[in-house]
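Visitor: What follows is a single structure, and I will ask about it in a moment.
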Amino acid sequence: MEELIKTFHIDWKLLIAQLVNFGIVLLVIWKFALKPLNKVMDKRGKEIAKSLEDARAIEANLAKSEKEREERILAAKKEAQEIIETSRNQGKQQGQEIIESAKREVQTVIAAAKEQIANEKDRMIKEIKTEVSQLVVLTTKKVLTEVLDENLDSKMIENSLKKIN
Amino acid sequence: MTQLEQQENNQEDILGTCPETSLPCAASKETTEVSHEITLFAEPIFHVGNFTVTNSLLNSWTAVLALTVLALILKKKIAKIPGRLQSFAEVIIEGALNMADSVTGDRQKSQKIFPIVFAIFLFILLNNWLGLLPGIGSIGFIEEGHGEAIFVPLFRGATADLNTTLALALFAVFGSNIFGIFMVGIWKHFNKFVNLKAFAEIPMKIKKEPTIIFVNPIKAFVGIIEIIGEAAKVASLSFRLFGNIFAGEVLLAAMAVIFAFILPVPFMFLEVVVGLIQALIFAMLTLVYFTIASTAEEH
């Protein structure tokens, strides 16, 4: 040991001095280089991870909104189709109804006209009947007064009335 | 303060011992008979009180200064959107952290050990490479005494001095043990070395497994060996680094003596690589020691 120390000039003071030197290096490297560098690197790593995450979220959102938009457009198209369909149906129905009601009206009008005609006819027939009977009575009166006696006359009147009736 | 004083003193020394030329004194080595040998130890440059400042300590201070400046510049430039320096540092730190993960297998544990290991790596790397710079080991002064003139380089790679490597190795081994105490608790950590638990277990489990009476004393003995192992760690860490870097300097000096131009260049590159590898090995071994110390012993 003695020999070793003598050969290599090992001096505890120098040893400590070198240790102190290394200590300074360790401290400086750690405090000034590694620590802040690590901090920055960590921070950057986290930021990159976060921005990647954000980008993914944004992309997902975009896809979602795109899908939503498409869906909405599709729904609107469908709705429009439906509206057109219903309006068309409605139009058709309304037309039908109008036609129907017109037909009905015509029918009623025709019916009314027919009834009136029938009534008219009846009345006319009645009138004609009374007129004819009066005429017959008159004429027979005239004839009978000139030709027949009272008996015959009334007999004939009765007979003829019966025939008429 | 001391650094400034010391630098002034250096200049005085240069001027004082080498007054005839303002050139580096290495140039004058051919003209006068100066013994120019590489010593195993760092030479003292000057004294402050009874504290000896060696040339390797000067180098170490330079490295500390350089790293501090670098760290401060980096701190000033840290921003969310990294500049060139910051992204470079981030790439290195990220890579080193991944490498540490492969040893610890746990990012949280890596984060805890990482500053220590990374500081060791940077400190050793810079010191290794500083030792290769031209001028370090060749600029110096001539000291006359004991009837002979000895060339003393002003700077010497700090890791080519056993004091530095021993300090680092001691730090690594003691640090790992302290870290172990913090991570697994003092009793468990103590039992890794002086395995009282193994003896305490014998009467409790002897009915279930009678072999325990043979196994656990062996376990306890292994624990004692661990203590020697810790000392061996210090020795291996310190001497490996010191030996490699010192050998590199000797090699370069030898090559320069054979032929000073071109010839040392490939060896220079080799030494750059060796400096990196040795720093990496030291740091990785420290990481491994910390990891081992922080895991509770499996039963």
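The values are calculated or read from the model by the stated rules, or taken from the named source; none is laboratory data. The model shown is predicted, which means the values in this text are computed figures rather than measured ones. Every residue, glycine among them, receives a Cβ derived from its backbone with ideal geometry; neighbour counts consider all protein chains shown.
Visitor: Of B:Phe141, B:Phe193, B:Phe171, B:Phe151, which residue is under 22 Å from B:Ile245 (Cα atoms), aromatic (Phe, Trp, Tyr), more than 14 Å from every other protein chain (Cβ to nearest Cβ) and buried (at least 16 other Cβ atoms within 10 Å of the Cβ)? Walk me through how you get there before you give the answer.
Guide: Working: B:Phe141 fails: under 22 Å from B:Ile245 (Cα atoms); B:Phe193 fails: under 22 Å from B:Ile245 (Cα atoms); B:Phe171 fails: more than 14 Å from every other protein chain (Cβ to nearest Cβ).
The match here is B:Phe151.
Visitor: Scan the range B:142-164 for residues that are part of a loop (DSSP other than H, G, I, E, B) and either within 27 Å of B:Leu280 (Cβ to Cβ) or acidic (Asp, Glu) (or both) and jot them down. It would help to see each step written out before you state the result.
Guide: Start the filter on the range B:142-164 by keeping residues that are part of a loop (DSSP other than H, G, I, E, B), which leaves B:146-147, B:154-157, B:161.
Passing the criteria: B:Phe155, B:Arg156, B:Gly157, B:Asp161.
Visitor: Also, quick follow-up: Checking the structure you have, find out if any residue of the range B:222-233 is in contact (Cβ under 8 Å) with a residue 60 or more places away in the chain, within 15 Å of B:Ala169 (Cβ to Cβ), of a type outside the set (Ser, Thr, Tyr) and surrounded by 13 or more Cβ atoms within 10 Å (Cβ to Cβ).
Guide: Going residue by residue through the range B:222-233, those that are in contact (Cβ under 8 Å) with a residue 60 or more places away in the chain are B:233.
Imposing the further condition that a residue be within 15 Å of B:Ala169 (Cβ to Cβ) reduces the set to B:233.
Now drop any that are not of a type outside the set (Ser, Thr, Tyr), which leaves B:233.
With surrounded by 13 or more Cβ atoms within 10 Å (Cβ to Cβ) added as a condition, the list becomes B:233.
Yes, that holds for at least one residue.
Visitor: Just name the residue that is nearest to the other protein chains (Cβ to nearest Cβ) out of those in the range B:38-54 that are in contact (Cβ under 8 Å) with a residue 60 or more places away in the chain and in a loop (DSSP other than H, G, I, E, B). Break it down stepwise before answering.
Guide: Taking the range B:38-54 first, the residues in contact (Cβ under 8 Å) with a residue 60 or more places away in the chain are B:38, B:40-43, B:45, B:54.
With the extra rule that they be in a loop (DSSP other than H, G, I, E, B), the set shrinks to B:38, B:40-43.
On the way: B:Ile38: 13, B:Leu40: 6, B:Phe41: 3, B:Ala42: 7, B:Glu43: 9 Å.
In this case the residue turns out to be B:Phe41.
Visitor: State whether the residues of the range B:88-99 include one that is hydrophobic (A, V, I, L, M, F, W, C), more than 8 Å from every other protein chain (Cβ to nearest Cβ) and outside any helix (DSSP H, G or I).
Guide: No, the range B:88-99 contains no residue that is hydrophobic (A, V, I, L, M, F, W, C), more than 8 Å from every other protein chain (Cβ to nearest Cβ) and outside any helix (DSSP H, G or I).
Visitor: Has the range A:120-138 got any residue that is surrounded by 10 or more Cβ atoms within 10 Å (Cβ to Cβ) and within 57 Å of the chain's Cα centre (by Cα)? Even if it seems obvious, please write down each step before you answer.
Guide: Keep residues of the range A:120-138 that are surrounded by 10 or more Cβ atoms within 10 Å (Cβ to Cβ), which gives A:120-138.
Still in the list and also within 57 Å of the chain's Cα centre (by Cα): A:120.
Yes.
Visitor: Still on this structure, please answer the following. How many residues, within the range B:178-190, are buried (at least 18 other Cβ atoms within 10 Å of the Cβ) and either free of Cβ contacts under 8 Å to residues at least 40 places away in the same chain or not hydrophobic (A, V, I, L, M, F, W, C) (or both)?
Guide: Residues that pass the stated criteria total 2.
Visitor: Take the residues in the range B:123-134 that are of a type outside the set (Val, Ile, Thr) and surrounded by 23 or more Cβ atoms within 10 Å (Cβ to Cβ); name whichever of them is farthest from A:Leu26 (Cα to Cα). Lay out the reasoning, then the answer.
Guide: To start, the set of residues in the range B:123-134 that are of a type outside the set (Val, Ile, Thr) comprises B:123, B:125-134.
Subsequent filtering for residues that are surrounded by 23 or more Cβ atoms within 10 Å (Cβ to Cβ) retains B:123, B:126-128, B:131.
Numbers: B:Phe123: 9, B:Leu126: 13, B:Asn127: 14, B:Asn128: 17, B:Gly131: 20 Å.
Within the range B:123-134, the match that is farthest from A:Leu26 (Cα to Cα) is B:Gly131.
Visitor: Let me ask something else. I'm checking my understanding of the structure. Among residues of the range B:234-261 that are within 12 Å of the chain's Cα centre (by Cα) and surrounded by 20 or more Cβ atoms within 10 Å (Cβ to Cβ), which one is nearest to B:Tyr289 (Cα to Cα)?
Guide: Restricting to residues being within 12 Å of the chain's Cα centre (by Cα) and surrounded by 20 or more Cβ atoms within 10 Å (Cβ to Cβ), the top hit is B:Leu237.
Visitor: Give the residue, chosen from A:Gly23, A:Gly91, that is within 14 Å of another protein chain (Cβ to nearest Cβ) and at pLDDT below 95. Show your work before the answer.
Guide: Numbers: A:Gly91 fails: within 14 Å of another protein chain (Cβ to nearest Cβ).
The conditions single out A:Gly23.
Visitor: Pull up the range B:100-141, narrow it to residues that are among the β-branched types (Val, Ile, Thr) and not in a helix (DSSP H, G or I), then point me to the one that is modelled with the highest pLDDT. If you could, list the steps in order and put the result at the bottom.
Guide: So the first thing to find is which residues in the range B:100-141 are among the β-branched types (Val, Ile, Thr), and the list is B:103-104, B:113, B:116-117, B:120, B:124, B:136, B:139.
With the extra rule that they be not in a helix (DSSP H, G or I), the set shrinks to B:136, B:139.
Details: B:Ile136: 80, B:Ile139: 83.
Here the residue is B:Ile139.
Visitor: For the range B:128-138, indicate whether the set of residues that are within 30 Å of B:Ala42 (Cα to Cα) and within 13 Å of chain A (Cβ to nearest Cβ) is non-empty. Before the answer, list the steps.
Guide: Looking only at the range B:128-138, we keep the residues that are within 30 Å of B:Ala42 (Cα to Cα), and these are B:128-138.
The next check asks that each one be within 13 Å of chain A (Cβ to nearest Cβ); those that pass are B:130.
Checking the range B:128-138: at least one residue is within 30 Å of B:Ala42 (Cα to Cα) and within 13 Å of chain A (Cβ to nearest Cβ).
Visitor: Could we say that B:Leu196 is modelled with pLDDT under 95, over 19 Å from B:Thr39 (Cα atoms), out of contact with any Asp or Glu (no Cβ under 7 Å at 6 or more places or on another chain) and not basic (Lys, Arg) here? Steps first, please.
Guide: Numbers: modelled with pLDDT under 95: yes; over 19 Å from B:Thr39 (Cα atoms): yes; out of contact with any Asp or Glu (no Cβ under 7 Å at 6 or more places or on another chain): yes; not basic (Lys, Arg): yes.
Yes: the conditions hold for B:Leu196.
Visitor: Write out, first by first residue and then by second, each pair whose Cβ atoms fall under 8 Å of each other, whose residues are 6+ apart or on separate chains, and whose first residue, in the range A:73-91, is of a type in the set (Phe, Trp, Tyr) while the second is assigned to a helix (DSSP H, G or I).
Guide: none
Visitor: If you scan the range B:59-85, which residues turn out to be more than 7 Å from chain A (Cβ to nearest Cβ), buried (at least 18 other Cβ atoms within 10 Å of the Cβ) and free of Cβ contacts under 8 Å to residues at least 60 places away in the same chain?
Guide: Just the residues of the range B:59-85 that are more than 7 Å from chain A (Cβ to nearest Cβ), to begin with: B:59, B:62-63, B:65-66, B:69-70, B:73, B:76-77, B:79, B:81-85.
Applying the additional criterion that residues be buried (at least 18 other Cβ atoms within 10 Å of the Cβ) yields B:59, B:62-63, B:70, B:82.
Those that are more than 7 Å from chain A (Cβ to nearest Cβ), buried (at least 18 other Cβ atoms within 10 Å of the Cβ) and free of Cβ contacts under 8 Å to residues at least 60 places away in the same chain: B:Leu70, B:Pro82.
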